[in-house]
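The values are calculated or read from the model by the stated rules, or taken from the named source; none is laboratory data. Here the structure is a predicted model, which is why all the values come from computation and not from measurement. Neighbour counts are summed over all protein chains in view; Cβ atoms, including those assigned to glycine, are modelled from backbone coordinates with ideal geometry. The accessibility values were calculated without ligands, DNA or RNA, using every heavy atom of the protein model including side chains. Shrake-Rupley method; radii C 1.70, N 1.55, O 1.52, S 1.80 Å.
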Amino acid sequence: MKLASITYRRQQRVGIILGSGSCLLLDPEIHGIPSRIEAYLSSEQAQVALAELEANGFEGAVEVGRDKVHLNPPLKDINKVICIGKNYADHAREMGGEPPEIPVVFSMFPSAIIGSGDNIVLPAISNQVDYEAELVVVIGKSGRHIPRERAMDHVFGYCCGNDISARDWQKGKPGGQWLLGKTFDTFAPLGPFLVTKDEVKDPHQLNVCCRLNGEVVQSSNTSSLIFQIDFLISHLSQFMTLAPGDLIFTGTPPGVGAGRKPPVFLKSGDTVEVEIESVGVLTNPIVAEV
Ligand code: MG
């Protein structure tokens, strides 16, 4: 299923995106599905209700055109946004480093999350804002010290993500740590919806593409991930409890603007798209801060 966080006639709803391009609106009163995906993920009862509804062909759900609804980020009110750096060897090298021996881990705040179609705002205090197309893993089941062989049981699904990065703040200031350069408001586009894991045959065989103003700037496949998803979940869970809704940005392939000669940074009027096979297309316009 493709679960979307939808606003329709000023009401928040969980919706199911259909192949036809329309979507089904789920009503908390009628279907027992909360109005937010965050609440759905932490309610076993709601998950059973949705499975039953799906088995019944979503009887009674209202179908509306995609043009009639606003897609919000699928998740925002969540516990953690965990990011993996340098997880494709050629990207590590284009940034002047070597592939790491253990995962490079950093974080963003959930306040940075925006949905597909929302504006990425270029901060006035940066002039080196860059794109990073990434497969994002959504955790569905809480866990600590998760063995690698059971790690995929903790995955709920996948989204496209864009780890927008102010390189001038990421690198060198302050103190060389990455947080501020990565967590400006609007720097974590996520979406356009949340694809449940049953729809993704093999998350380590997905084409990942980024287009800047229609031109392909990143093109790779998750088969090139240095640290695979099951390893990352097991590794991260040695440090912290992973909770439903937590996001893991799995790292970006080569082709980022900072690695180009000359470098290419985002400017007002640009549009950046992240497309991941079986997961969707995440589109965001770029605007200047006013
Ligand atoms: Mg990244």
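Worth pointing out:
- If you filter the range 223-239 down to residues that are touching a Pro at 6+ places or on another chain (Cβ under 7 Å) and open to solvent by 30 Å² or more (accessible area, probe 1.4 Å), you find that the one that is nearest to His154 (Cα to Cα) is His235.
- Filter result (without any contact (Cβ under 8 Å) to a residue 12 or more places away in the chain and either charged (D, E, K, R) or not in a helix (DSSP H, G or I) (or both)) within the range 1-46: Arg9, Arg10, Gly19, Ser20, Glu29, Ser43, Glu44
- Residues being open to solvent by less than 10 Å² (accessible area, probe 1.4 Å) and at negative phi - total across the range 168-195: 10
- Subset of the range 240-290 [open to solvent by 50 Å² or more (accessible area, probe 1.4 Å) and within 16 Å of Cys83 (Cβ to Cβ)]: Met240
- Selection of the range 159-177 for residues being more than 9 Å from the ligand (Cβ to nearest atom) and small (Gly, Ala, Ser) yields Ala166, Gly172, Gly175, Gly176.
- Every residue from the range 108-142 that is of a type in the set (Gly, Ala, Ser), open to solvent by less than 10 Å² (accessible area, probe 1.4 Å) and under 22 Å from Asp77 (Cβ atoms): Ala112, Gly115
- Applying the criterion of at least 1 residues that are away from the ligand (no atom under 16 Å from the Cβ) to the strands (runs of 3 or more DSSP E) found wholly in the range 64-129 leaves 70-72, 120-122.
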